[in-house]
């Protein structure tokens, strides 16, 4: 086999060593450094952060009541409907009151009669009576006093031998009858006095029943449902309206068992409702005394003010602030790059970009907590999109940003020349 021609060897050598041409000439497509890029750096700093426990739950009415008539009758009016806003004491509905007005008049007449039997004025609220001053008692007392005097005189005559034993027996019997009539008069007076008290109570009951024909709002709220209409006969206890208190609302949350030990009454709660972006704040007011055995959750409740855009029944997500000042490392939010679920930052070493994988945690309006991958004082590139490991960088001037919350220091942006 003959050796390959010199031209063939030259071509092979040019492919392996960059060609047989002039020194320094590069073959098209060979790797070369990309152009350098000006960047700004921000320093990893420690800042006070809030530590919270996340939970989900529902917004519930603070109070909910099914209102019914306490007395039977036909509904004369219903003054509200679904969605009506009411104040405490507002008239919501009324049963026809005429029957109960007649009962008040009847009870009042019976009371006047009882007062007359005791010698009191027909009208008045003073039911105090001295039994000895009643006419029937005074009459029986007078008869008793007369019988007592006759008995004493006959007794003296009997001792003198003037009166006979039969006369003494007669006056003794008369005295006993008078004493019995006097006791009966006192008992009758006491009975009338007790009847007066009964008539007074009957009048109060009649007045109470008349007042109960009015269904009043027990608290400030809104009508959730109207369950009966005008002209309908309702028995006592039949639901007429359903009323809910919508301000504040109960935010009922379920906290996982592992986080329940950090939860305390009075802690601040930040919540968002399903379908809206507004943030609502409240405080924990009630904690269940035990973990739910079926789902290993602790039920807690917070009172959340309602500005008018919340409704009972909405699903809510919440953060319970368990520590308002828990330091952590942070970087500006625009220093983080996420690709395929992997979070990275870019640092600079010897003038070249270096990609580093990090693990993040809490987030603020313009900062992100770094849990792993960086240490305090290190510098990362601001807006590193497009930078790759090994790419040369230059440093441009940067202005230190003003923090949105003056109580939280901004991550420091380091100017480089």
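The values are calculated or read from the model by the stated rules, or taken from the named source; none is laboratory data. Just so you know, these numbers come straight off a predicted model, no measurement behind them. Cβ atoms come from the backbone with ideal geometry, glycine included; neighbour counts cover every protein chain shown.
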Listed by first then second residue, the pairs whose first member lies in the stretch 78-89 and is farther than 10 Å from residue 219 by Cβ, whose partner is assigned to a loop (DSSP other than H, G, I, E, B) and at pLDDT below 95, with beta carbons under 6 Å and at least 6 positions apart or on separate chains, are 78/230
Residue by residue through the stretch 257-292, note down the ones that are farther than 19 Å from residue 50 by Cα and in contact (Cβ under 8 Å) with a residue 60 or more places away in the chain.
273
Which numbered condition residue 290 fails, given (1) at pLDDT 90 or above; (2) surrounded by fewer than 18 Cβ atoms within 10 Å (Cβ to Cβ); (3) assigned to a strand (DSSP E or B)
(3)
Matching entry among 107, 61, 140 (being touching a helix residue (DSSP H, G or I) at 6+ places or on another chain (Cβ under 7 Å) and under 30 Å from residue 218 (Cβ atoms))
107
Do the conditions hold for residue 347, that is, is it modelled with pLDDT under 90 and either in the same structural domain as residue 42 (by TED's automatic domain parsing) or not in a loop (DSSP other than H, G, I, E, B) (or both)?
no
Restricting to the stretch 154-172, name every residue that is exposed (fewer than 12 other Cβ atoms within 10 Å of the Cβ) and either in a helix (DSSP H, G or I) or not assigned by TED's automatic domain parsing to the domain that holds residue 200 (or both).
156, 159, 160, 165, 166, 169
Is it the case that residue 139 is out of contact with any strand residue (DSSP E or B) (no Cβ under 7 Å at 6 or more places or on another chain), without any contact (Cβ under 8 Å) to a residue 24 or more places away in the chain and in the same structural domain as residue 175 (by TED's automatic domain parsing)?
no
Could you say whether any residue in the stretch 373-389 is surrounded by fewer than 18 Cβ atoms within 10 Å (Cβ to Cβ) and part of a strand (DSSP E or B)?
no
